[in-house]
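Beneath this line is the structure, given in structure tokens, with notes to follow.
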Amino acid sequence: LGDYFEGIPQFYAQTSTVVKTAQLPTDGTIEERAAVLKNFLETDPDLKGHTVNVIGHSLGGLDARWCISVLHSTQIITLTTIGTPHLGTPLADWATNQVEHNGLWYWLFRLVGYDMGSRRFLRELTTFNMKRFNEMASNAYDVRYFSVRTRAKFNDGNMSWLLWFPSFWLEGENHYLAANGHDGMVPFDSQLWGKEIAGSSEIDHLAQMNHHELKMMSQKQDSLMLWQKIYENLEAEGY
């Protein structure tokens with residue numbers, strides 16, 4: 001689908017802010033990805049020796065929390081997470097069960113090129129394992145934590161058809177975490193960590209990154225507004 005953060009670095013660069021995007025392994029564990037993030041911050045010519053404000057989307061928010069609390073990064077002074085499964089996601093419960101029992105859906109996904117078994121972070125995102133994660137990656141006293149939560153619905157035209165399967169499953173499962181909605185991947189109630197900012201936006205997990213493929217309505221302005229509110233919050237908080 002192109003760049004992960006579609007147009008967001010350029011959007012922020014208009015403020016003359018130094019903006020860098022970390023490239024993390026897509027199949028690694030949270031611990032492995034966090035180590036790559038820490039190394040990136042310590043070695044990038046524009047970032048090493050400086051404090052930074054990290055904005056993490058989805059799994060990236062957990063990588064950053066591990067980097068701060070367990071790997072003891074001293075550079076990160078604020079962390080803003082978007083659509084991050086801080087309490088886990090039932091989708092990871094389902095995927096892990098499929099892998100462990102060689103389920104039908106596991107093999108169907110492999111046929112179309114997606115091997116859930118190779119995504120080693122999936123097991124970590126289960127609702128059970130995230131309880132352990134939160135105990136180990138508790139908040140650092142000298143770091144500020146913010147979060148953004150969103151949710152969307154097919155009936156409202158703001159959910160991409162690329163998220164049809166996970167959305168259909170989440171709504172059919174009636175899991176307690178998804179009682180207040182979801183963004184197509186992560187339950188709304190799992191996305192809160194630290195101070196909530198920007199209010200809840202009616203955009204899906206892909207639109208959080210400014211991707212709007214296979215959707216009934218365009219919400220590019222809503223996506224950019226969300227990122228603008230994140231910037232304004234950091235500015236108002238003195239960062």
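What to note about this one:
- One residue stands out in segment 65-119 among those that are over 19 Å from the mean Cα position of the chain (by Cα) and among the charged types (D, E, K, R): the one that is surrounded by the most Cβ atoms within 10 Å (Cβ to Cβ), namely R110.
- Breaking point among (1) within 17 Å of the chain's Cα centre (by Cα); (2) open to solvent by 50 Å² or more (accessible area, probe 1.4 Å); (3) under 21 Å from K229 (Cβ atoms), for T17: (1)
- From L71, L37, L79, residue being within 21 Å of N134 (Cβ to Cβ) and in contact with a Cys (Cβ under 6 Å, 6 or more places away or on another chain): L37
- Criterion: buried (at least 18 other Cβ atoms within 10 Å of the Cβ), among the acidic types (D, E) and either within 16 Å of the chain's Cα centre (by Cα) or modelled with pLDDT of 95 or more (or both) - qualifying residue of E6, E32: E6
- Filtering segment 225-239 to residues that are of a type outside the set (A, V, I, L, M) and part of a helix (DSSP H, G or I) leaves W227, Q228, K229, Y231, E232, N233, E235.
- The number of residues in segment 137-173 being surrounded by 17 or more Cβ atoms within 10 Å (Cβ to Cβ), polar (S, T, N, Q) and part of a helix (DSSP H, G or I) comes to 1.
- Counting the residues of segment 183-224 that are in contact (Cβ under 8 Å) with a residue 12 or more places away in the chain and assigned to a helix (DSSP H, G or I) gives 9.
- Wholly within segment 2-90, helices (runs of 4 or more DSSP H) carrying at least 1 residues that are in contact (Cβ under 8 Å) with a residue 60 or more places away in the chain and farther than 28 Å from Y141 by Cβ: 8-13
- N134 within 30 Å of G238 (Cβ to Cβ), assigned to a helix (DSSP H, G or I) and open to solvent by less than 90 Å² (accessible area, probe 1.4 Å): yes
- Options M225, M130; residue that is hydrophobic (A, V, I, L, M, F, W, C) and more than 24 Å from R33 (Cβ to Cβ): M225
The values are calculated or read from the model by the stated rules, or taken from the named source; none is laboratory data. Bear in mind that the values here come from a model prediction, so they are computed numbers and not experimental data. In this analysis, Cβ positions are derived from the backbone assuming ideal geometry, glycine residues included, and neighbour counts consider all displayed protein chains. Calculation scope for accessible area: heavy atoms of the full protein, side chains included, ligands and nucleic acids excluded. Shrake-Rupley method; radii C 1.70, N 1.55, O 1.52, S 1.80 Å.
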